[in-house]
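The values are calculated or read from the model by the stated rules, or taken from the named source; none is laboratory data. Predicted, not measured: the structure shown is a model, and the values here were computed from it. Cβ placement follows ideal geometry from the backbone for every residue including glycine, while neighbour counts extend to all protein chains displayed.
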Amino acid sequence: MENMEIEMKNLFNGIFSDKKVLITGDTGFKGSWLAIWLTEMGAKVYGYALPPRSEMDNFSVCDLGTHIQHQDGDIRDGQALLSFFTKVQPDIAFHLAAQAIVLESYGNPHYTFETNMMGVVNFFEAVRKTQSVKAALNITSDKCYQNNEWIWGYRESDPMGGNDPYSSSKGCSELITQSYLHSFFSSGEGCAIASARAGNVIGGGDWAPYRIVPDFFRAMKENKKLVIRNPEAVRPWQHVLEPLSGYLLLGSMLWIEGKRFSGGWNFGPVETNTSSVKELIEAIMKVCGKGGYKIPPTDKVPHEAQLLKLDISKANYLLKWRPVLDFMETVEFTATGYMDELSGKSNLYSCRKTQLKKFLQFASDRKIPWSK
């Protein structure tokens, strides 16, 4: 245990140990996992976000509020966010606060655009007015790209877009980031900023609505069959620790080398992790040994893209980043995270640490450069 803690602090060139790191959206799925990883590396973590959606959310079940310094707040309130930055004086900032559900964006487009666009403006305004911040990263989505349902992956230079409100808001978030990069952060001094796009991220602790994996485990808990609305939709599935390793690596390089690593970056899975919703659910059922699904003969739902992939060549070549887990390992990590919760284990924070250690061991065994 002690040796692992020492190794944790040395990850990513030891950049995060004893640093003040501010996370917006720390009560969310990815934000809470990021807070855990940073805490275990010895960072002083500060979170700013709305309260968790429910008592089942990762932030809640891990009792994360006792491990980091969290403040409830709305990303749309620019003055409150700036006040938090001013109080904390962070060294590094990660922006993950967002309205992250595609189907909810149809029901409330105004809130989606306001949160996902003006939230980014408020974040970068706070960053540029807080001189302590030397590296800042905006986390968006693979859905920021204008999706033509190509069979090849989207590159960082491809056009932003999106037909539904959520995807469009994420495309706009990327454009806002580029605007701030060129308008306010282009000089050789001061803060270095970047954006990161990931695929369909899965793992224990995510109980958000209208997401296929949480929906499956909700159905399992209630002894029901999952209703799959888009069984043939193909997604680049990745366990939550995969993109987080990319965000942390990118953040560390922004800190070390600054503007060289500014701009947009993709962090997706290997090609073999790209599979259909139906294939994913059947793999989870195989690992869990239970559960079921059904596909209605007619299921009219708002449009979602059927095919979406990311090209990760840039991150692989320039950051020396690559995914750790194959498809079945991704499924096993995900299923284990949920089953830890559903089996009633009392210390979920410890369970997350165990998964993190296992992930780090896999990365080390496979000679992933950042794991050294």
- Query: If you scan the range 355-372, which residues turn out to be polar (S, T, N, Q) and over 22 Å from I15 (Cβ atoms)?
  - Reply: Q355
- Item | Matching residues in the range 320-372 - criterion: being part of a loop (DSSP other than H, G, I, E, B) and aliphatic (A, V, I, L, M) | V324, L325, I368
- From the list E271, E232, pick out the single residue that is at pLDDT below 90, touching a strand residue (DSSP E or B) at 6+ places or on another chain (Cβ under 8 Å) and surrounded by fewer than 24 Cβ atoms within 10 Å (Cβ to Cβ). E232
- Scan the range 97-130 for residues that are among the β-branched types (V, I, T), surrounded by fewer than 18 Cβ atoms within 10 Å (Cβ to Cβ) and under 18 Å from K30 (Cβ atoms) and jot them down. I101
- Query: Of the residues A208, A198, which is touching a helix residue (DSSP H, G or I) at 6+ places or on another chain (Cβ under 9 Å), aliphatic (A, V, I, L, M) and surrounded by 22 or more Cβ atoms within 10 Å (Cβ to Cβ)?
  - Reply: A198
- Among (1) under 21 Å from A100 (Cα atoms); (2) at pLDDT below 85; (3) touching a strand residue (DSSP E or B) at 6+ places or on another chain (Cβ under 6 Å), the one test that N147 misses: (3)
- Query: Which one is farthest from V61 (Cα to Cα) among residues in the range 195-219 that are out of contact with any strand residue (DSSP E or B) (no Cβ under 7 Å at 6 or more places or on another chain) and among the basic types (K, R)?
  - Reply: R211
- Here are R76, R53: which of them is at pLDDT below 95 and within 20 Å of E114 (Cα to Cα)? R53
- Out of all the residues in the range 132-170, which are within 20 Å of F267 (Cβ to Cβ), surrounded by fewer than 23 Cβ atoms within 10 Å (Cβ to Cβ) and among the small types (G, A, S)? G153, S157, G161, G162
- Just need a number here: residues in the range 212-221 that are under 20 Å from S275 (Cα atoms), touching a helix residue (DSSP H, G or I) at 6+ places or on another chain (Cβ under 9 Å) and either charged (D, E, K, R) or in contact (Cβ under 8 Å) with a residue 60 or more places away in the chain (or both). 4
- Task: Only residues in the range 344-368 that are among the charged types (D, E, K, R) count as the first member; pair them with residues that are modelled with pLDDT under 95 and surrounded by fewer than 17 Cβ atoms within 10 Å (Cβ to Cβ), Cβ under 8 angstrom, at least 6 apart or cross-chain, and list the lot.
- Result: K357/M4
- Message: Given the condition within 22 Å of L34 (Cβ to Cβ) and at pLDDT below 90, answer yes or no: does some residue in the range 176-197 qualify?
- Response: no
- Do you know which of the residues in the range 179-195 that are touching a residue at least 60 places away in the same chain (Cβ under 8 Å) and part of a helix (DSSP H, G or I) is surrounded by the most Cβ atoms within 10 Å (Cβ to Cβ)? L181
- Being assigned to a helix (DSSP H, G or I), at pLDDT 95 or above and in contact with a His (Cβ under 6 Å, 6 or more places away or on another chain) narrows T39, T86, T115 down to just T39
- Query: Out of all the residues in the range 10-67, which are of a type in the set (F, W, Y) and more than 15 Å from the chain's Cα centre (by Cα)?
  - Reply: F12, F16, Y46, Y48
- Hey, can you tell me all the residues within the range 332-343 that are without any contact (Cβ under 8 Å) to a residue 60 or more places away in the chain and crowded, with 23+ Cβ neighbours inside 10 Å? A335
